[in-house]
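Only one structure is covered here, and it is reproduced in the block below.
The values are calculated or read from the model by the stated rules, or taken from the named source; none is laboratory data. The model shown is predicted, which means the values in this text are computed figures rather than measured ones. Backbone-built Cβ (ideal geometry, glycine too); neighbour counts: all protein chains shown. Accessible surface areas use protein heavy atoms only, side chains included; no ligands, DNA or RNA. Shrake-Rupley method; radii C 1.70, N 1.55, O 1.52, S 1.80 Å.
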Amino acid sequence: MKLASLKHGGRDGTLVVVSRDLSRCQTVGGVAPTLQQALDAWDTVAPELELVYDMLNHGHARHAIPFEPKHCHSPLPRAYQWADGSAYVNHVELVRQARGAAMPPEFWTDPLMYQGGSDSFIGPCDPILAASEDWGIDFEAEVAVVTGDVPMGAAPAACEQHIRLLMLVNDVSLRNLIPAELAKGFGFFQSKPATAFSPVAVTPDELGAAWRDGKLHLPIVVHHNGALFGRPNAGIDMTFSFPQLMAHAAKTRELEAGSIIGSGTVSNTDRSTGSGCIAEKRCLETLADGQPATPFMGFGDRVRIEMFDAAGNSIFGAIDQAVAAAGGGVPG
């Protein structure tokens with residue numbers, strides 16, 4: 001099943017069921033006006049949404065309308081929780097290696113995770129706003145899961161049954177603001193602006209054999225200014241599965257329905273797949289040549305993040321964003 005939220009009906013949008021081929025959608029206000037309401041009553045609501053999905057896919061939906069990603073919020077326009085992990089530890093190792101820092105061995109056994117701003121996400125086709133190019137604007141191509149209610153202390157095996165939906169992510173980072181924030185010893189804040197998610201969220205069963213072991217085994221395809229930037233496989237080199245990340249997040253607290261857990265930047269040890277963010281490519285350039293060559297994003301630059309099934313069909317729709325100046329922004 002595929003679900004999205006259109007940009008009308010209030011700040012939480014209007015829930016629609018989307019056809020498998022992403023061509024049509026239908027509102028379901030009589031079942032659940034918003035995605036959060038659907039998640040809150042998932043066991044009751046999901047079978048009704050599945051009936052609508054089946055009718056859409058067989059051309060029997062009487063009130064279907066064309067599906068337009070540009071009219072979408074992120075599937076959850078705001079969420080009770082957004083926690084982003086760093087499941088691709090080789091990415092962390094590479095970044096630390098490029099700056100001459102040792103890799104703590106516990107990073108391979110204990111996930112890194114930060115709590116991001118979830119009060120307002122941006123739509124998959126909305127601009128990335130920044131006041132200055134000097135902030136080091138970067139994209140991060142990731143996968144995320146949306147959870148049901150997860151009890152505190154749940155083990156990974158128990159967490160997997162609470163995964164409701166999957167989405168793609170652009171976890172925007174302002175790289176030049178990060179060092180000063182981390183130096184304070186209190187984590188990210190200003191360096192992590194609003195996050196964007198794919199137009200559509202999908203249930204795990206939609207992914208077939210690509211969803212196994214709590215990981216999504218497909219390439220995430222990233223284009224930067226129209227050129228292929230990378231297509232690392234999200235299921236390869238993922239040190240911590242989504243159930244493991246969920247268990248980490250739930251160690252000392254419950255996760256409420258509608259919590260979002262991200263994978264961190266998708267990264268492969270096989271460098272021929274390219275990268276999921278500019279920072280990683282700059283690290284590789286530094287290790288090879290002594291200095292980075294690829295600049296961070298400037299005003300007008302564009303990123304596109306998408307994932308395709310074995311037949312070449314877009315699964316989630318595309319995150320397709322351009323960087324724009326906020327409040328008289330300053331070029332670098």
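Taking the range 189-202, which residues are over 16 Å from the mean Cα position of the chain (by Cα) and either of a type in the set (D, E, K, R) or buried (at least 19 other Cβ atoms within 10 Å of the Cβ) (or both)?
So in the range 189-202, the residues over 16 Å from the mean Cα position of the chain (by Cα) come out as 189-191.
Scanning the range 189-202 gives a single hit, 191.
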Pairs under 7 Å by beta carbon, first residue over 22 Å from residue 71 (Cβ atoms) in the range 310-332, partner assigned to a strand (DSSP E or B) and open to solvent by 10 Å² or more (accessible area, probe 1.4 Å), six or more apart or different chains?
326/129; 326/131; 327/131; 329/131; 329/132; 330/131; 330/132
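Quick one: which of 154, 131, 141 is surrounded by fewer than 20 Cβ atoms within 10 Å (Cβ to Cβ) and at pLDDT 95 or above?
Of 154, 131, 141, the one residue that is surrounded by fewer than 20 Cβ atoms within 10 Å (Cβ to Cβ) and at pLDDT 95 or above is 131.
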Open to solvent by 40 Å² or more (accessible area, probe 1.4 Å), under 29 Å from residue 45 (Cβ atoms) and either not in a loop (DSSP other than H, G, I, E, B) or not aliphatic (A, V, I, L, M) (or both): is that true of residue 205 in this structure?
yes
With (1) surrounded by fewer than 20 Cβ atoms within 10 Å (Cβ to Cβ); (2) in contact with a helix residue (DSSP H, G or I) (Cβ under 6 Å, 6 or more places away or on another chain); (3) not in a loop (DSSP other than H, G, I, E, B) as the list, and residue 223 as the residue in question, which single condition is left unmet?
(2)
Considering only residues that are touching a helix residue (DSSP H, G or I) at 6+ places or on another chain (Cβ under 7 Å) and within 17 Å of residue 233 (Cβ to Cβ), look in the range 270-301 and name the one that is surrounded by the fewest Cβ atoms within 10 Å (Cβ to Cβ).
271
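Just to be sure I understand, how many residues within the range 129-184 are basic (Lys, Arg) and not in a helix (DSSP H, G or I)? Give the steps one after another, and end with the answer.
Of the residues in the range 129-184, the ones basic (Lys, Arg) are 164, 175, 184.
Going one step further and asking which of them are not in a helix (DSSP H, G or I), we end up with 164, 184.
Residues that pass the stated criteria total 2.
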What pairs come out if I take residues in the range 275-286 that are under 13 Å from residue 139 (Cα atoms) and pair them with residues that are open to solvent by 10 Å² or more (accessible area, probe 1.4 Å) and basic (Lys, Arg) whose C-beta lies under 6 Å away, six or more apart or interchain?
275/281; 279/175
Going by the structure shown, is residue 273 at pLDDT 95 or above and of a type in the set (Val, Ile, Thr)?
yes
Checking residue 100 against (1) assigned to a helix (DSSP H, G or I); (2) open to solvent by 60 Å² or more (accessible area, probe 1.4 Å): exactly one of these is not met. Which one?
(1)
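Considering each of 21, 84 in turn, give the residue that is closer than 28 Å to residue 264 by Cβ and in contact (Cβ under 8 Å) with a residue 12 or more places away in the chain. Give the derivation first.
Details: 21 fails: closer than 28 Å to residue 264 by Cβ.
Of the residues listed, the single one that is closer than 28 Å to residue 264 by Cβ and in contact (Cβ under 8 Å) with a residue 12 or more places away in the chain is 84.
Going through 305, 315 one at a time, which residue ends up being at pLDDT 95 or above, farther than 15 Å from residue 223 by Cα, open to solvent by less than 30 Å² (accessible area, probe 1.4 Å) and under 17 Å from the mean Cα position of the chain (by Cα)? Lay out the reasoning, then the answer.
Details: 305 fails: farther than 15 Å from residue 223 by Cα.
On inspection, the qualifying residue turns out to be 315.
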If we keep just the residues of the range 1-44 that are open to solvent by less than 30 Å² (accessible area, probe 1.4 Å), among the small types (Gly, Ala, Ser) and in a loop (DSSP other than H, G, I, E, B), which is nearest to residue 166 (Cα to Cα)?
19
Residues (surrounded by fewer than 19 Cβ atoms within 10 Å (Cβ to Cβ), without any contact (Cβ under 8 Å) to a residue 40 or more places away in the chain and in a helix (DSSP H, G or I)) located in the range 45-74:
45, 47, 48, 51, 54, 55, 57
Residue list for the range 293-319, filter: in a loop (DSSP other than H, G, I, E, B) and among the hydroxyl-bearing types (Ser, Thr, Tyr)
294
